[in-house]
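All remarks here apply to the structure that follows.
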Amino acid sequence: MRETLQKWWCILAFMLMLLRAESSFVDITYVQSAVAKGAVCLDGSPPAYHLDRGFGTGINNWLVHIEGGGWCNNVTTCLARKNNRLGSSKQMAKQIVFSGILSNKAKFNPDFYNWNRVKVRYCDGASFTGDVEAVNPVTKLHFRGARVFLAVMEDLLAKGMRNAENAILSGCSAGGLTAILHCDNFKALLPMGTKVKCFSDAGYFINTKDVSGAQHIEAFYHDVVTTHGSAKNLPRSCTLKMKPSLCFFPQYMAREIGTPLFIINAAYDSWQIKNILAPGVADPHGLWHNCKTDIVKCSVSQLQVMQGFRLEFLKALNGLGPSRSRGYFINSCYAHCQTEMQETWFRSDSPKLNDKTIARAVGDWFYDRSPFQRGDCPYPCDKTCHNRVFDPQEHSLE
């Protein structure tokens, strides 16, 4: 027993050393001035971000990365977030690790290591789209995500982003959706001469039926948009043509984005498989539980359903139509968010398409060295994948 404990301590110590070697810790900044504007988290606390200053040739370049964390779709689920880091800056860690696309080391982040790198904390529950003036005196919930986005950007502009030569809005998961929804808004805040592009990592959530045949995610997004009063902050080019809640799906609104956009996604996105394709409500007997935990545990029939999901995903993506300015990195991994982790962003064993890591593909596309629009063969052909394995006790994010 003692030898086993010593072994685990050695492994833990090694992992911590590796983490410190590949990443850095960055302090939190609270936007106190936002409170007077009503730009606050769900609990009324000020928004926050972490900024690691650029240096050398990157001193006037800005990468603004939005944190992910799902959504809350009604008072009950928003109250559940109100007292944790996804609803209150009071509960956020004072320091967080910057790695992958946020790393400050050239060998881990070759194109953006010396930029001003920002991670914007996510505390509104609606991908920074909500804006309801009234605050219920009982719940004291504030639905002000759109105001938070603007207040944070204004703070960054005052800290030097107004002088940006190059700028990127990126994000992971719900933050990746934010990067799509706010891409043109972000560009509009910057000087005309700034080169602006957007990256969405695991933010291309699709509207498809779950395994029971229900439109689960469509109903969920409808409730998000209704609860947060998001309709007025979604692209009018979309809301004039269809229900506002459908404009929360990139497949219906991203075609109209004028700013160059790069979409990074796994075709078997693990969050979407777990929460869109086979959510708990559609699988009352837990037949999908083991499959969702580890893709190698999926039955032949479950893999067939997942292959169908991949085709639906590709159809939703192709529906945007051709565009020379867009980029794609769509691999066939069971993964979710691949830009923040060093192992999937840029390492010798990182996922590759056309022999390029995500970091190289994105960097080449941003700097116009070469375009990149690549998909992948169906699972399990891609041997470069880092497929996620989840804790069997882990609950859905919804």
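Bear in mind these aren't lab numbers, they're just calculated from the coordinates by the rules spelled out. What you see is a predicted model; the values in this text were computed from it and never measured. We place every Cβ from the backbone using ideal geometry, glycine too, and count neighbours over all the protein chains shown.
FRET efficiency for Arg374 and Gln307, Cβ-Cβ distance as r, R0 = 22 Å, nearest 0.05?
Efficiency computed from Cβ-Cβ geometry: 0.70.
Round to the nearest 0.05 the FRET efficiency obtained for Ser323 and Val300 when R0 = 45 Å and r is the Cβ-Cβ distance.
Result of the calculation: an efficiency of 0.75.
Answer with one residue from Ser301, Asn83, Ala48: the one whose Cα lies farthest towards the positive end of the charge dipole of the chain, charges on Cβ with Lys, Arg +1 and Asp, Glu -1.
Ala48
Among Leu320, Leu246, Pro191, flag the residue with its Cα farthest along the positive direction of the charge dipole of the stretch 21-375, charges on Cβ as +1 for Lys/Arg and -1 for Asp/Glu.
In the stretch 21-375, that residue is Pro191.
Determine ³J(HN,Hα), in whole Hz, for all residues of the stretch 54-61 in sequence, where each value follows from phi through the Karplus function 6.51 cos²θ - 1.76 cosθ + 1.60 and θ = phi - 60°; x replaces Gly and Pro.
x, 8, x, 6, x, 4, 10, 10
Can you list the trypsin sites (Lys or Arg not before Pro) in the stretch 217-267 that are in a DSSP coil and have 14 or fewer other beta carbons within 10 angstrom?
Lys241
Which order do peptides 383-390, 281-288, 87-94 fall in by mean Cβ count within 10 Å, highest first?
Top of the packing list down: 87-94, 383-390, 281-288.
I need the phi-derived Karplus couplings for the stretch 100-114: 6.51 cos²θ - 1.76 cosθ + 1.60, θ = phi - 60°, integer Hz, Gly and Pro marked x.
x, 5, 9, 5, 9, 10, 4, 6, 10, 8, x, 9, 10, 4, 9
How would you rank 37-48, 213-224, 105-116, highest first, on the average number of other Cβ atoms within 10 Å across their residues?
Per-residue Cβ counts within 10 Å, averaged per peptide and sorted highest first, yield 37-48, 105-116, 213-224.
So what's the gap between the Cα centers of the stretch 40-97 and the stretch 339-357, to the nearest angstrom?
Their Cα centres are 25 Å away from one another.
How big is the charge dipole of the chain about its Cα centre, in debye rounded to the nearest 20, if each Lys and Arg gets +1 on its Cβ and each Asp and Glu gets -1 on its Cβ?
That gives the chain a dipole magnitude of about 560 debye.
If amide hydrogens are placed 1.01 Å from N in the peptide plane, which non-local residues have theirs closer than 5 Å to the one on Gly44?
His142
How much length, in nm to one decimal, is gained on full extension between Ser33 and Lys209, taken as 0.36 nm per residue of separation minus their Cα-Cα distance?
Here the segment from Ser33 to Lys209 would lengthen by 59.1 nm.
Under 5 Å between amide H atoms, partner at least 5 residues away or on a different chain: which partners does Gly68 have, H built in plane at 1.01 Å?
So Gly68 has HN proximity to Cys172, Gly175.
Non-local amide H neighbours of Tyr328 (under 5 Å, H modeled in plane, Pro and chain starts lacking H): which ones?
Here the answer is Ile263, Phe372, Gln373, Arg374, since their amide H atoms fall under 5 Å of that of Tyr328.
Please compare each pair in Lys94/Lys274; Lys243/Lys292; Lys119/Lys292; Lys243/Lys315; Lys159/Lys195 to a cut-off of 25 Å on the Cα-Cα distance and tell me which ones are over it.
Exceeds cut-off: Lys94/Lys274; Lys243/Lys292; Lys119/Lys292.
Based on C-alpha coordinates, I'd like the Rg and Dmax of the chain, in Å.
Spelled out, the Cα radius of gyration and Dmax of the chain are 20.4, 66 Å.
Could you work out the local net charge near Asp201, counting Lys and Arg as +1, Asp and Glu as -1, over the other residues with Cβ closer than 11 Å to its Cβ?
Residues near Asp201 contribute -2 overall.
Putting +1 on Lys and Arg Cβ atoms and -1 on Asp and Glu Cβ atoms, find which of Leu156, Ser170, Pro110 reaches farthest to the positive end of the dipole of the chain.
Leu156
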